[in-house]
Each structure stands twice: as C-alpha cells, then as structure tokens.
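Following: one structure in structure tokens, then a few remarks.
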Amino acid sequence: MIATQYIEVSPGSTLTGTVTVPGDKSISHRALMLGSIADGQTTVSGFLAGEDCLATMRAMRALGVSIAAADDGTITIDGVGLRGLTAAAGPLDMGNSGTGLRLLAGVLAGQGFATELTGDASLRSRPMERVAEPLRLMGAQVTTTNGCAPMQITGGPLQSLDYRSPVASAQIKSAILLAALYATGKTTVHEPGVTRDHTERMLRAFGVPVVSDSGSVSLQGPASLTARHVDVPGDLSSAAFALGAGCLSDSGEVAVENVGVNPTRTGVLDILRLMGADIELRNMATLGDEPVATLIARPSSLQGVVIPPELIPLAIDEMPLIFALAACAEGETVISGADELRHKESDRIALMVSGLHALGIAVEERPDGAVITGGQPCGGVVDSGDDHRIAMAFCILGSRASGLVTVRDTANIATSFPNFVPLMQSLGLRLALNGVPGD
Ligand code: S3P
C-alpha cells in the first residue's frame, strides 16, 4: 500500500450521470465465510474485490477452502462443510478489516485447531474483547493482546449462549451466530439497538432457521449449511458518496443503480432526508435475499438537524459523509450517541473534527459525537488517518470548498471502493489522484 497517495479536489461541480458501485462489503465477507463452511458449491456474483474482502478470501483459502475468481468477477467456493476447515500454516492477516476478523473469530471458535488472527496497525488497535468474551463463554479459548489483535483462538466443542450485547454491533451478533452453528442448543443474542441483519438473511438462505424477535436473534445448533448462489447488491455505503456529491452539486442528477436498501442499512437516507436532501428511490426489487433500488440524488439545500441517536447504528459507516454534508448545510447539526465511531478504522469523530477545522468549519467535538455549524469550507490539507471513509468524505466535501482541498493518505480507499476516483470523476467530481487530474 502506498502510504503517500493523496487526492486533490478542485471546487465547483455539476454532477450528473448513472453509475453502479461495487458490491456490498458486509455481504461479500459473509458470502465467503458461509460458502466456505457450506456443503456443496457456492457461487457469488457482484462480489466486492476490495482489499478487505480479498483478505477474507485469502484467509478462507489458508483454512483449506478452494475459491476461484472468474474474469467476470464471479466467485466459486467449494464448500468444505461445517467441520471441513483445516488449520492454517501461519497467522491469518485480515488487513484493515474488523468485519473479516471478528466474523471469522466466530467461525474459528468452533474449529478443533488453533488459529492466530491479526491485521494492519489500525486493526491491531481496535477492541476485540467484545467478541472474545462471548466466544469464551461458549467454550472457545481466546486470548487477545491488550484487548486487541493479534488474537489466538483454539476452538472446540461449544455450548449455546444467551448473550446480551452491551454494544449495538452486527459484528458481535454475527460472530456469536457463526459460533452458534457449532454449539449444541439454542443461542440467542439480544441487541441494545437494531443493526444490519445480513448474517441472519444469508444463514436462512443457506438453510439455517434463524429466528428474529424484537431485539433478539436465535439459532439452534449444530446447524449445517447448504451451498447456493449469492447475488451481492451494490454497496449503499459506497453509493452514499455519489449521492452526497449529487446533493452538493449545483446542477445535474446522480443515479446509482442496483443499490442494496436493506432497512437495517438505510439510516443514511433517513438522515439525508431529514436534512432536506432530494433523494428518490426507484425500481425497488429483490436481489437474492436483499432489497435493491435505483437511488437518485439532486442538488439540495441542506439544513442542519439534530440526528436521532437511534439512526446512528443504521448509518454507522456513512457518518463521516454526514459530518461532511453537515459542514455544508445551513445551521447546526448535532450528532450524539455515536461513540462507536471512535472504534472504527480510525477515531472517526476526532479525524472528521480536525479535518473540518482545517477547512475553516466550526465544530465542537463531544465524546459521543459533535456539533457542526455549517458554513463555507475553505481549501486546505486534511489527514484521512489512512481511513477509507474519512478520505472519501473529504473528497466529496472538497467539491463545495472555496479552494483546493488535498486529502492525505488515500490508498485505503481500495479496501471498500477500489474504483472510487474514476467513478466519481465520470460523474464530474474534479479529483486528481497524486496531482494527476481525470479526463
Ligand atoms: C459491519 C458492521 C459494522 C460496520 C462495519 C461492517 C458488518 O460494524 O461498521 O463496517 O459487516 O457486520 P459494527 O458491527 O462493529 O458496528
């Protein structure tokens, strides 16, 4: 990874065009893991070939699964069945991916061998006891390094668990559900707030009865999976950047086709609408196990709002973009209940606040959010902290700045949105990668 990659954004924009964005990251990780432990051959179309999911693919291969990627992007996984994984020759490097590491920890808790999970400097600084603790309660031996990765897991026979998660986190819920496939009896996870339900949907599609009941989700183990085809919709978390740019644009219309609009993910659309964004959903359909739609964004006069805290888990990955849009909105935006943002690929509250300050925007940092007073951002240099979503959020904000915005350390955009620069250039955003402008 080139640590010094940067993007320059020139102000002024008419954004227009129709695009599709790469596949959903959450669903792509899950397709690899579930396909690997299913009986039979799973095919995946629309897979996100970004660095995070490629790390998961390498990990599953290291655990003895044969996975082929065709030229058209279709992935074929020869499932080894619930008990067919084999010990890896060395530590599994999950790169930058919290989802990859935490979900795989759940699978590994049920294996009769030891595995070490690690990752890059960002991932090694993120909290892992949140999954280690419930997996220990189920009977796995798990050690962390000061609460973080590297993490050693020796799996074994697991018992079922009734677990009240202290954090609204789909990763915690999913790690427990994946371990529950190997446990004897009924495992239930109670969540303090609604989080994305892709694991539940995909497990059902692979033939595992999963029961969701107002704030809790249960499955009966042991449960084996039957291979199938998975269609991955476009990632709403990536589409959101194009839509946000469309809202900030002076004229034109941005359409993103085939985007996943699972209701546990659409908090960003609710927040944008509260802010007065002109966003339309068309062509609602079902793709595999997930709802999809074409999303259209038009130039909008954004207003500051008090964001309802219950929307935060449903928009958790889009919050950097919301900070950026709030900086261009009229009036004050209050973000609270968002302390989980401090535990993502970076401390996203701290980095968004310092980047907005660098662009002349008044922001008050709070432990669980921020108060942003919208205004006219100026040009300047912002640090992405090597965090893909911070980098992309400031690229979008740059279109409304009064001067050139330079976003530092942008190579990690490839973890989730490998073609971000050319795609946004095709819509009219004036981005120059390492100082080289688009056509
Ligand atoms: C994810 C869950 C979220 C999200 C992450 C992907 C998932 O994390 O931020 O990008 O695929 O389950 P938490 O569950 O920790 O909030």
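For the range 1-69, the square roots a ≥ b ≥ c of the C-alpha gyration tensor eigenvalues yield an a/c of 1.5 or more together with a/b not exceeding b/c, which makes the shape oblate. Most tightly packed first, judged by the mean number of other beta-carbon atoms within 10 Å of their residues, the peptides 67-79, 196-208 read 196-208, 67-79. Across the options Val107, Ala132, Met60, the greatest Cα extent toward the positive end of the charge dipole of the range 25-231 (unit charges at beta carbon of Lys, Arg, Asp, Glu) belongs to Ala132. Just how far, in whole angstrom, is the range 381-404 from the range 148-195 if you go by their alpha carbon centroids? The range 148-195 and the range 381-404 have Cα centres spaced 36 Å from each other. Select from Leu274, Leu101, Leu219 the residue whose mean-square fluctuation is largest in a Gaussian network model of the chain (Cα-Cα springs shorter than 10 Å). Looking only at Leu274, Leu101, Leu219, the largest GNM fluctuation is found for Leu274.
Surface composition of the chain: carbon and sulfur atoms hold 50% of the protein heavy-atom accessible area at a 1.4 Å probe. Please give me the summed charge of the neighbours of Ala183: other residues whose Cβ is under 14 Å from its Cβ, Lys and Arg +1, Asp and Glu -1. Surrounding charge for Ala183 is +2. The residues packed around Ala38, meaning those with a beta-carbon under 14 Å from its beta-carbon, carry a net charge of +2 if Lys and Arg are +1 and Asp and Glu are -1.
One chain, two ends: Ser214 and Arg83. Fully extended at 0.36 nm per residue, the span grows by 44.0 nm beyond their Cα-Cα distance. Per residue, the accessible area of the chain comes to 34 Å², computed with a 1.4 Å probe over protein heavy atoms only. For the range 405-420, backbone phi angles converted through the Karplus equation (6.51, -1.76, 1.60; θ = phi - 60°) give residue-by-residue couplings of 10, 9, 9, 8, 6, 9, 4, 5, 4, 5, 5, 10, 8, x, 9, 3 Hz, Gly and Pro being listed as x. Judged by the ratio a/c of the largest to the smallest principal axis of the C-alpha gyration tensor, the range 1-141 counts as oblate, that ratio being 1.5 or greater while a/b is no larger than b/c. Each Cα pair under 8 Å and six or more residues apart adds its separation to the average, and for the range 96-201 the resulting relative contact order is 29 percent. Between Gln303 and Glu129, the contour length at 0.36 nm per residue exceeds the Cα-Cα span by 58.7 nm. Report note on the peptides 225-234, 387-396, 313-322: ranked by the mean count of other C-beta atoms within 10 Å, highest first, their order is 387-396, 313-322, 225-234. Within the chain, antiparallel bridges make up roughly 70 percent of the DSSP beta bridges whose residues both belong there.
The values are calculated or read from the model by the stated rules, or taken from the named source; none is laboratory data. Small disclaimer: the values here were computed from a predicted structure and weren't measured. Backbone-built Cβ (ideal geometry, glycine too); neighbour counts: all protein chains shown. When the accessible area is computed, the model is the full protein with side chains, heavy atoms only, and any ligands, DNA or RNA have been set aside. Shrake-Rupley method; radii C 1.70, N 1.55, O 1.52, S 1.80 Å.
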